[in-house]
Each structure stands twice: as structure tokens, then as C-alpha cells.
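Read-outs throughout are calculated quantities, based only on the coordinates presented, and are distinct from any laboratory measurement. Since the structure is predicted, the reported quantities are computational estimates derived from the model, not experimental observations. When we count neighbours, we look across all protein chains shown, and the Cβ atoms used for this are built from the backbone with ideal geometry, even at glycine.
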Amino acid sequence: MVKSSKARKQRKALYNAPAHARRRTVSSHLSQALMKEHRKRSVRVIKGDTVLVVRGDSDIVGTEGKVSKVDTKNGRLTVEGVTTTKADGAQAARSVHASKVVITKLDLTDSWRKERLQRREEG
């Protein structure tokens, strides 16, 4: 997709990419167990997957929770249990970049996704 080696042009291509191309950027690595099971390194993150935060600020690293929202425009996820404290003391959801998490449990309620992963296992 990106042909230039210049960071400026790569960022521009990412920001101006259409929605169907941006969906591909919201993917994360699978845990070791899921990698062996599905014979795949990474998949797109969807709402309902359980993820573990592995990089970032020390207060959120190690937090595991379900994905409640996927923001394809910014490549970020909202994970249950990952919050920040606002000035008035209230808790607000904090977004995490998709590359900073590892998927620990896949949501296989989508039949197309399930079939796609099984096809990869067989082949």
C-alpha cells in the first residue's frame, strides 16, 4: 500500500486512507497460545475481544479487559478497566493504541471471522 520510505508521506497516506484500508491498521498480535492454535501472528481487533495491555504507562501495563470500542480513524481501542482520572475526580475511558496490546481471547460470535480463522488452521 505505502510505496514511499519517507515518514511524512507514510503518515499522510495513513491519515488520508479510506475506511476499508484503515480497518487493517487496527490489528494486534495474538498471545502465544492463540498463535499456536490459529497459526497466525496477528488479527484485526473487534469489539468483544479480550486484550492485555503490554506497553505504555506503568499504570495501565498489565491491565486485561474486553474491548468496548474500536476507533479506526485514530487506530485506538477503548478497553474496559483502562481509565484516567479527570480533574474533578471522575473516571473516564482511556484509549490505547492497537499496537500496544496483545489479544488473549478472540470473540468468535462472527461466523465469517470464525470460518476465516479455521480456514487458516487447516491450510
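Among the numbered conditions (1) surrounded by 13 or more Cβ atoms within 10 Å (Cβ to Cβ); (2) without any contact (Cβ under 8 Å) to a residue 24 or more places away in the chain; (3) under 17 Å from ILE46 (Cβ atoms), the only one that THR83 does not meet is (3). Applying a threshold of 6 Å to beta carbon distances and a minimum spacing of six or more residues, or different chains, the list of pairs starting in the stretch 100-123 at a residue that is among the basic types (Lys, Arg) and ending at one that is not in a loop (DSSP other than H, G, I, E, B) reads LYS105/THR50. Regarding ALA17, is this residue surrounded by 13 or more Cβ atoms within 10 Å (Cβ to Cβ), aliphatic (A, V, I, L, M) and in a loop (DSSP other than H, G, I, E, B)? So ALA17 fits the description; yes. Among residues of the stretch 66-78 that are of a type in the set (Asp, Glu), none has a Cβ under 6 angstrom from a residue that is buried (at least 18 other Cβ atoms within 10 Å of the Cβ) at a sequence gap of 6+ or on a separate chain.
SER28 satisfies every condition listed in (1) in contact (Cβ under 8 Å) with a residue 12 or more places away in the chain; (2) in a loop (DSSP other than H, G, I, E, B) except (2). Quick one: is SER42 touching a His at 6+ places or on another chain (Cβ under 8 Å) and among the polar types (S, T, N, Q)? Yes; evaluated as a whole, the condition is true for this residue. Here the strands (runs of 3 or more DSSP E) wholly within the stretch 75-123 that include at least 2 residues being more than 12 Å from VAL51 (Cβ to Cβ) are 76-85, 91-97. Criterion applied to LYS66, LYS9 was being more than 16 Å from the chain's Cα centre (by Cα), surrounded by 12 or more Cβ atoms within 10 Å (Cβ to Cβ) and charged (D, E, K, R), and the one residue passing it is LYS9. The residues in the stretch 93-105 that are among the small types (Gly, Ala, Ser), more than 13 Å from GLU80 (Cβ to Cβ) and surrounded by fewer than 18 Cβ atoms within 10 Å (Cβ to Cβ) can be counted, and the count is 1.
Out of LYS40, LYS69, I need the residue that is in contact with a strand residue (DSSP E or B) (Cβ under 8 Å, 6 or more places away or on another chain), under 27 Å from ALA17 (Cβ atoms) and in a loop (DSSP other than H, G, I, E, B). Which one? Criteria check complete, one pass: LYS40.
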